[in-house]
Amino acid sequence: MLKLREKIQQSEVWKSIFRHNYQDTNRNRALQIVDNVFLHLHPIRISRHATNIGFTWGMGGITFLLFIVLTITGVILMFYYRPAAEYAYDDMKYLMNDVAFGPLIRNMHRWGAHAMVITVMLHMFRVFLTGSYKPPRQFNWVVGVILLVLTLLLSFTGYLLPWAQLAIWAVTVGTNMARATPLLGHEGPFGPQLGMRIDNDVRFVLLGGTQVGPPTLLRFYVGHCIFLPLIAAVFMAVHFWRIRKDGGISGPTTNGKD
Amino acid sequence: MENSNAPNPAGVPSAPSTEPQIQKPAPVPAKAAPPIKKPKQDRPPEDDQGIWRISRRNFFSIAGWAAFFVFIATSTVGALRMMFPRILYEPPSAFKAGFPEDFIIGEVSEKYKDEFRVWIVRESEGFYALSAICTHLGCTPRWLASDNKFKCPCHGSGFRMSGINFEGPAPRPLERLKISMADDGELLIDRAIKFRFEDGDWVKPECYLKYS
């Protein structure tokens, strides 16, 4: 048995996939991280304070974990959901009542989405309290604010998809605020002067019409499933990259120690 | 290697066998004509206007970039324009609402609320049409006949039968809509033409159809 194991581990196939064994040397441990596409985002070395949960709360990491959970459960939900006004509500009901493990997946998506908004807020709160927005991390704070907005937009677009009364009226109320957009809304400051009407302003583009209707459902669906996650992924890559480039996770002042 | 004797721009033969000739032919053109400053590889020649000197090569370069940016710009404009639909599958703004005799004096008709979001109120002197869009954030209020008021389920705004707001967060009265009599004697309502109480529009004749 040991011989077989050794034979497999010495084979070209095995060695081409796994370059490093479990040798407990600093060099080998570093190589294991650097040579793995999934782990290489993580820095090779972190300072002692970065593992202090009491300081970081781990909120950024939890947010990222939730994003992954939401991506996976969202893709599963897409197998049963059709973004057309005739089907959307029934498909949601079907998921909740007849699909095996449908309620589990949908509720994971639903509660995960709520949780993600909360963890993003808490992450931002922590970064603010620890002053981690200060130089050299100003730009990453800006990226973080963009990610916050994207999270809220993802939450808002997902809210419409059940196509229930609550969803339709919540989005009606939400998008009615877009009427008052300065310059780009037909009821906002300088909007009418710039030729904005109900059928050509920013709300019209958002809804695909003058009221919440089937085109709105399709637009929000595409935005929720394709456009916004893609943009968020790009900004997340920048966000994580900049954490390392700006000196790693911020920590308490060490006065030169550690 | 065959045509190594052919002159090349630098006047330097490329084959090492003709190396002795390097010194001799080089000064010859200098005597025949005034020296031409040859650009060195790492420095642009003097008085070179860069891309703005339209040589044949630069012309094609500029034309290529222009075509590229024109394409990008057109695609962007097209993609943005595409987000504005030309045709809306929404109910038309103007609609016929039946004959005046179908309405009962002193009652609010919700017959056209589901499709057109309009209430038609019949008074003893005539008709007016109210837009069933809450002036707070755009939900559809409900007519509560027993309370004699419109009540919005979203945030609790209340309106009198006239459309005047009296409770809840709504900042202004409901809007009245253009109402007239069509040629065939049916009521004709145009939702695109609105009359706002706070603008003093409600005294205008188009928002009230006299009928008795």
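Below, the figures for the structure above:
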read-out: Extreme residue, positive dipole direction of the protein assembly as shown, given options B:ALA66, A:ILE198, B:ILE105 (C-beta unit charges); value: B:ALA66
read-out: Cross-link pairs beyond the 28 Å C-alpha cut-off, checked among B:LYS149/B:LYS204; B:LYS111/B:LYS204; A:LYS93/B:LYS149; A:LYS93/B:LYS194; value: A:LYS93/B:LYS149; A:LYS93/B:LYS194
read-out: Percentage relative contact order, chain A, counting C-alpha pairs under 8 Å, at least six apart; value: 19 percent
read-out: Relative contact order for region B:94-210, counting Cα pairs under 8 Å that sit 6 or more residues apart, in percent; value: 24 percent
read-out: Approximate shape of the protein assembly as shown as ellipsoid semi-axes (Cα gyration tensor, √5λ), whole Å, largest first; value: 65, 40, 23
read-out: Per-selection metrics, chain A (Cα): Rg and Dmax in Å; value: 23.7, 82
read-out: Kyte-Doolittle at least 0.0, axis length at least 18 Å by Cα - qualifying DSSP helices, chain A; value: A:59-78, A:102-129, A:138-160, A:228-245
read-out: Equivalent-ellipsoid semi-axes of region A:1-97, from the Cα gyration tensor, Å, largest first; value: 41, 25, 11
read-out: Cα-based Rg of region B:94-210 normalised by 2.2 N^0.38 Å, two decimals; value: 0.99
read-out: Among B:GLY200, A:PRO103, A:ILE8 the positive-end extreme of the charge dipole of the protein assembly as shown (Cβ point charges); value: A:ILE8
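Rule-based calculations on the coordinates, nothing more; no lab input. Being a predicted model, the structure only gives us computed values, none of them experimental. Heads up, the Cβs are rebuilt from the backbone with ideal geometry, glycines too, and the neighbour counts pull from every protein chain shown.
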